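Visitor: The structure's right below; bear with me while I get my questions together.
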Amino acid sequence: MNQTKKAIIIGSGFGGLALGIRLQARGFDVTIFEKNEKSGGHAYPLDINGYKFDMGPSLITAPDIIQDIFRAANRKMEDYLKLIPLDPYYRIYFHDGTYIDYQGDTRAMKDQMAKFNSEDAENYERFIAYAGKLHDAVINKGLGKRPFTWKAFLKFIPKAMKLWVPLPSYYAVKRFFKDFRNIFTFSFNTLFIGGNPFRTPSVYLMIPYLEKSGGVWYTMGGMYSFVEALETLFLELGGKIQTNSEVTEIVVENKTARGVNTGDQFYQADIVISNAHFAHTQLDLIKPEHRSKWNDRRVKKMSYSMSAFILYIGSRKKYPKLRHHTLIIAKRYRDLIYDIFERKILADDFSIYAHVPSRTDPGMAPNDGESMYFLIPVPNLAGHIDWEKAKHPFAEKVLNFLEYEFGLENLRDSIEVSKIITPLDFEKHANNYLGSAWGLEPKLTQTASFRPQNRSEDIKNLYLVGTSTHPGAGIPGTLLTSEATEYAIMNDFQHVG
Ligand SMILES: Cc1cc2nc3c(=O)[nH]c(=O)nc-3n(C[C@H](O)[C@H](O)[C@H](O)COP(=O)(O)OP(=O)(O)OC[C@H]3O[C@@H](n4cnc5c(N)ncnc54)[C@H](O)[C@@H]3O)c2cc1C
C-alpha cells in the first residue's frame, strides 16, 4: 500500500476486534468506535461485590479459528490466552430426571446414548462423520472464510443436496437417532447461536463436530479474558479504541462511505466497517436515500433471532448439581420453540441454560461461593411482552422452579447478589434491533449468499463484520466473518495475501 489507509470500525464485539487486528496487521490505521464503556459487545463483564459474571457468551469452541486471528498478526495465541479444556462439555438434564454428560469421548458418549437407545449409540459415529463433512465444506474448503459469491453458491449446490443442507437440523439429526434425548442432544446446539433447530439448515450441525474435534474450553477470568486478549493485541499493533463513543451516522457521498459522525463530530476514513447489529447499521446509521437493496422494508422483513431473559446470581452456597455448563430441559421441545420464534409469547414452561464458571474458576466468586447465570430463551420484542411488568414475576417463577422442582436447596436464602436482564436490555446495551440477542436468525434464506454480504451491497468502501454477515452466528462464525471481510477489503485494495 503506498499510503496508510484509515479504517473505522463501528463496534468492538469479537468481529470488530478480530478484524481490527487483521487490518492493523495489514498496514491499515484502524480506530474502533464503541458506544459502551468497555469492549466486547455481548461478551461484556459484570462484577457485583466480587461476584464476576460473563454477561453473554460462555462456551469457547474451535480454538484453531481463534489461533488464526493471532497468526494473522504473526503472534501465538498461547502468549495471550490460556484455554482450559472442559470435561464434560455440558450436562443436559431432561424433564424425566435422566441426564447425559455431553463430551468428546466416543466410548463415553455411546455408553450414555445406549442407555436411551442402543441403535442410536451404534449410529453415533455415522452422525459425527456426516457432521464432519459439513465442517469440511465450510471450514477446510474455505466457504466460511471468503465472501460467499453466487458463483460459489451455484458450485456448492450439488454438494449441499448430497449433505441434506436445506433440511432443518432437527430433521437431519432424526435420520440418525430415535430417542428424543439423543435427538435433542445433537440438534439443540443451533440455539446457542440464535437458530431455531426446526428451521436452521443442517449445515450448522458442524457445531457438534467442532465440539467433538476441537473441544469446549474456558479461560480463567471468564470469557472477558478472551476479549482482553484480542484488545491487548489490537492495541499492541497500534490500533485505537474510542469507548463511550456512539456512532450516529455513516457519512456517504456519491455512494461511497467517507467516515462517521459521533454526534456533531465527523471522523474521516478511507473505509468504514460496521460491527453493530445489522438492522441498527441500516436503519439508524445510513440515510435511506443511500440504501437501494437494504431499504427499510426489506431490513424489517428479515427474521431476527430470539432474545434472552438472564438471571445472574452470586450465592454463598455451592451447587454441585450444576456443572460448569448445564441445560435443564422442559418437557416440550418443538412447541416451546414455536412459542418463542413464531407465536412470540412468554410460555408457562421454559428450558434453562445455566453457566457456573466458579465450578472451574474459584476466582469468579468470593468466599467459596458460586457465580452463576440462568439463561432462558424468550421471544424478541416483536412479541410485545411487557418486560417491565413481567420481569420480576418471571424471575420468581424461575427461582421457584430451581429451588423446589430442580432441587437447588435454599437457593433464595443463599443469594447474595443478583441482576436480571431482559430483551429490553439487549436493545439498549448493544443497539440490537427488537432486542434480538443473536442478530439475524441463521435460517436457510438468511445463510451464505442470502445473508447480508461482507462488502456492502449498496455503498462503496463500506463493509460489515460480525454475527449478521457471512458466515456469522456464534463466536467461531463471527471470528470467521473477520477473515471473509478482510478478504473482501484486501481484494478491493488489491493486496490479497
Ligand atoms: C446471551 C448470549 C449467549 C451466547 N452464548 C454463546 C456461546 O456460548 N458461544 C458462542 O459461540 N456464541 C454465543 N453467543 C453469540 C455470541 O455472543 C455472538 O455471536 C458474538 O458475541 C457476536 O459478536 P459481534 O462481533 O457480532 O458483535 P456484538 O457482540 O454484537 O458487538 C457489537 C458492538 O457494537 C457496539 N455498537 C452498536 N452500535 C454502535 C454504534 N452506533 N456506535 C458504536 N458502537 C456500537 C455495541 O455496543 C457492541 O459492543 C451468545 C450470545 C448471547 C447474547
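The values are calculated or read from the model by the stated rules, or taken from the named source; none is laboratory data. In this text the structure is predicted, and so the values were computed from the model without any measurement. Cβ atoms come from the backbone with ideal geometry, glycine included; neighbour counts cover every protein chain shown.
Here's the yes/no breakdown for (1) more than 25 Å from the chain's Cα centre (by Cα); (2) surrounded by fewer than 18 Cβ atoms within 10 Å (Cβ to Cβ); (3) within 16 Å of the ligand (Cβ to nearest atom); (4) of a type in the set (A, V, I, L, M, F, W, C):
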{"position": "ALA276", "(1), (2), (3), (4)": "no, no, yes, yes"}
{"position": "SER292", "(1), (2), (3), (4)": "yes, yes, no, no"}
{"position": "LYS300", "(1), (2), (3), (4)": "no, yes, no, no"}
{"position": "TYR304", "(1), (2), (3), (4)": "no, no, yes, no"}
{"position": "LEU311", "(1), (2), (3), (4)": "no, no, yes, yes"}
{"position": "HIS324", "(1), (2), (3), (4)": "no, no, yes, no"}
{"position": "ILE329", "(1), (2), (3), (4)": "no, no, no, yes"}
{"position": "GLU342", "(1), (2), (3), (4)": "no, yes, no, no"}
{"position": "SER351", "(1), (2), (3), (4)": "no, no, yes, no"}
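Visitor: Checking the structure you have, find out if any residue of region 85-101 is closer than 30 Å to GLN24 by Cβ, surrounded by 16 or more Cβ atoms within 10 Å (Cβ to Cβ) and either in contact (Cβ under 8 Å) with a residue 60 or more places away in the chain or touching a Pro at 6+ places or on another chain (Cβ under 7 Å) (or both).
Guide: No; the residues of region 85-101 include none that is closer than 30 Å to GLN24 by Cβ, surrounded by 16 or more Cβ atoms within 10 Å (Cβ to Cβ) and either in contact (Cβ under 8 Å) with a residue 60 or more places away in the chain or touching a Pro at 6+ places or on another chain (Cβ under 7 Å) (or both).
Visitor: Give region 258-285 a look and list any residue that's among the aliphatic types (A, V, I, L, M), part of a strand (DSSP E or B) and closer than 24 Å to MET302 by Cα, or say none.
Guide: Matches in region 258-285: VAL272, ILE273.
Visitor: Name every residue in region 6-23 that is within 11 Å of the ligand (Cβ to nearest atom) and in a strand (DSSP E or B), in order of residue number.
Guide: Hits for region 6-23 are ILE8, ILE9, ILE10.
Visitor: Which condition from (1) part of a strand (DSSP E or B); (2) modelled with pLDDT under 95; (3) charged (D, E, K, R) is the one that LYS428 breaks?
Guide: For LYS428, the failing item is (1).
Visitor: Take ARG181 and decide whether it is more than 30 Å from THR219 (Cβ to Cβ) and at pLDDT 95 or above.
Guide: yes
Visitor: In the list LYS115, LYS151, which residue meets the criterion of being among the basic types (Lys, Arg), without any contact (Cβ under 8 Å) to a residue 24 or more places away in the chain and closer than 30 Å to PHE450 by Cα?
Guide: LYS151
Visitor: Let me ask something else about it. Looking at region 24-53, which of its residues are without any contact (Cβ under 8 Å) to a residue 12 or more places away in the chain and either in a loop (DSSP other than H, G, I, E, B) or within 16 Å of the ligand (Cβ to nearest atom) (or both)?
Guide: none
Visitor: Quick check on my filter: what residues within region 436-480 are hydrophobic (A, V, I, L, M, F, W, C), more than 12 Å from the ligand (Cβ to nearest atom) and touching a Gly at 6+ places or on another chain (Cβ under 8 Å)?
Guide: none
Visitor: Buried (at least 20 other Cβ atoms within 10 Å of the Cβ) and closer than 24 Å to PRO201 by Cβ, is that true of LEU134?
Guide: Yes: the conditions hold for LEU134.
Visitor: What's the total number of residues in region 353-367 that are in contact with a helix residue (DSSP H, G or I) (Cβ under 7 Å, 6 or more places away or on another chain) and surrounded by fewer than 21 Cβ atoms within 10 Å (Cβ to Cβ)?
Guide: Selection size over region 353-367: 0.
Visitor: Return a yes/no flag: does region 338-360 have any residue that is under 22 Å from THR447 (Cα atoms) and among the charged types (D, E, K, R).
Guide: Within region 338-360, one or more residues are under 22 Å from THR447 (Cα atoms) and among the charged types (D, E, K, R).
Visitor: Among ILE475, ILE489, ILE459, ILE420, which is the only one that is crowded, with 24+ Cβ neighbours inside 10 Å, farther than 27 Å from ILE207 by Cβ and touching a residue at least 60 places away in the same chain (Cβ under 8 Å)?
Guide: ILE489
Visitor: For region 440-497, give me the residue count where each residue is in a loop (DSSP other than H, G, I, E, B), β-branched (Val, Ile, Thr) and more than 27 Å from ASN254 (Cβ to Cβ).
Guide: Residues meeting the conditions: 2.
Visitor: Checking ARG455 against (1) at pLDDT below 95; (2) touching a helix residue (DSSP H, G or I) at 6+ places or on another chain (Cβ under 9 Å); (3) of a type outside the set (Val, Ile, Thr), which test does it fail?
Guide: (1)
Visitor: Same structure again: Looking at TYR404, TYR433, TYR487, which is the one that is touching a strand residue (DSSP E or B) at 6+ places or on another chain (Cβ under 9 Å), aromatic (Phe, Trp, Tyr) and more than 10 Å from the ligand (Cβ to nearest atom)?
Guide: TYR433
Visitor: Condition (residue is at pLDDT below 95, farther than 28 Å from SER456 by Cα and either under 22 Å from the mean Cα position of the chain (by Cα) or of a type in the set (Phe, Trp, Tyr) (or both)) applied to region 152-166: is it met by at least one residue?
Guide: Yes; the residues of region 152-166 include at least one that is at pLDDT below 95, farther than 28 Å from SER456 by Cα and either under 22 Å from the mean Cα position of the chain (by Cα) or of a type in the set (Phe, Trp, Tyr) (or both).
Visitor: Looking at ILE66, ILE128, ILE92, which one is assigned to a strand (DSSP E or B), β-branched (Val, Ile, Thr) and modelled with pLDDT of 95 or more?
Guide: When all the criteria are applied, what remains is ILE92.
Visitor: Out of the residues in region 64-80 that are surrounded by fewer than 17 Cβ atoms within 10 Å (Cβ to Cβ) and either near the ligand (Cβ under 6 Å from one of its atoms) or of a type outside the set (S, T, N, Q) (or both), which is nearest to THR219 (Cα to Cα)?
Guide: Out of the qualifying residues, it is GLU78.
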